[in-house]
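**Student:** Below is the structure I would like to discuss, written out as structure tokens.
The values are calculated or read from the model by the stated rules, or taken from the named source; none is laboratory data. Remember, it's a predicted structure, so these values are computed and weren't measured experimentally. Quick reminder, even Gly has a Cβ in these numbers, built from the backbone with ideal geometry, and neighbours come from all protein chains shown.
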Amino acid sequence: MQHAILILNGPNLNLLGTRQPEVYGPTTLQDIEALCAAKAAALNVTMDFVQSNHEGVLIDHLHAARGRFDGIILNAGAYTHSSIALMDAVSSIMLPLVELHLSNIHAREAFRHHSYIAPVAVGQICGFGAAGYALAIEALVGYLGTHG
Ligand code: DQA
């Protein structure tokens, strides 16, 4: 069976490429979407790639994923560190989710060390820049292969 995955990106990630390139790298979100499409095709999964700056819209996407996707990759941006509502949404939808960050949040400011997503995620990938998206797809597809 071909799996379908949702790649969900949170606030300010639309500015990648120009946003603090020393932290997040020179790659644009459009480049990252192309990288993800190539990786998904290579692994024979379909994907949707979405970005929103709005917490409620991200929650709506998580709810809508039920029945449409087999798993999710979430880079929640700064909502990672603040949003109990996003954490509750992830808990509620019963879909495996990989938490993703371009930067190594554990090597940055203390307020970035805590993630509300981590306890409800299958696992976390951070610190590998844009390449982390491909790693996250591999991790999620591998997980789906062994867990349904
Ligand atoms: C980020 C890390 C967050 O701390 C930050 O607020 C972001 C991006 C990352 O991909 O490294 O917006 O999620």
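**Student:** Answer yes if at least one residue in segment 98-118 is farther than 23 Å from residue 19 by Cβ and touching a residue at least 24 places away in the same chain (Cβ under 8 Å), and no otherwise.
**Tutor:** Within segment 98-118, none of the residues are farther than 23 Å from residue 19 by Cβ and touching a residue at least 24 places away in the same chain (Cβ under 8 Å).
**Student:** In segment 1-16, which residue that is within 13 Å of the ligand (Cβ to nearest atom) and in a loop (DSSP other than H, G, I, E, B) is nearest to residue 137 (Cα to Cα)?
**Tutor:** Among them, the one singled out is 10.
**Student:** Can you tell me which residue is modelled with the lowest pLDDT among those in segment 5-36 that are more than 14 Å from the chain's Cα centre (by Cα) and small (Gly, Ala, Ser)?
**Tutor:** 25
**Student:** Same structure again: Determine which member of the set 89, 4, 37 is surrounded by 14 or more Cβ atoms within 10 Å (Cβ to Cβ) and in contact with a helix residue (DSSP H, G or I) (Cβ under 7 Å, 6 or more places away or on another chain).
**Tutor:** On inspection, the qualifying residue turns out to be 89.
**Student:** On the basis of being aliphatic (A, V, I, L, M), within 11 Å of the ligand (Cβ to nearest atom) and buried (at least 19 other Cβ atoms within 10 Å of the Cβ), does residue 58 make the cut?
**Tutor:** No.
**Student:** Among 101, 114, 106, which is in contact with a Gly (Cβ under 9 Å, 6 or more places away or on another chain), more than 23 Å from residue 36 (Cα to Cα) and within 12 Å of the ligand (Cβ to nearest atom)?
**Tutor:** 106
**Student:** Cβ-Cβ below 9 Å, separation at least six or inter-chain, first residue in segment 3-29 and closer than 30 Å to residue 147 by Cα and of a type in the set (Gly, Ala, Ser), second in a strand (DSSP E or B) and within 11 Å of the ligand (Cβ to nearest atom): which pairs?
**Tutor:** Qualifying pairs under 9 Å: 10/74; 10/75.
**Student:** Quick check on this structure: which one of 93, 84, 73 is modelled with pLDDT of 95 or more and in contact with a Lys or Arg (Cβ under 6 Å, 6 or more places away or on another chain)?
**Tutor:** 93
**Student:** Hey, can you tell me all the residues within segment 68-93 that are more than 19 Å from residue 143 (Cα to Cα), more than 9 Å from the ligand (Cβ to nearest atom) and assigned to a helix (DSSP H, G or I)?
**Tutor:** Within segment 68-93, 84, 85, 86, 87, 88, 89, 92 meet the criteria.
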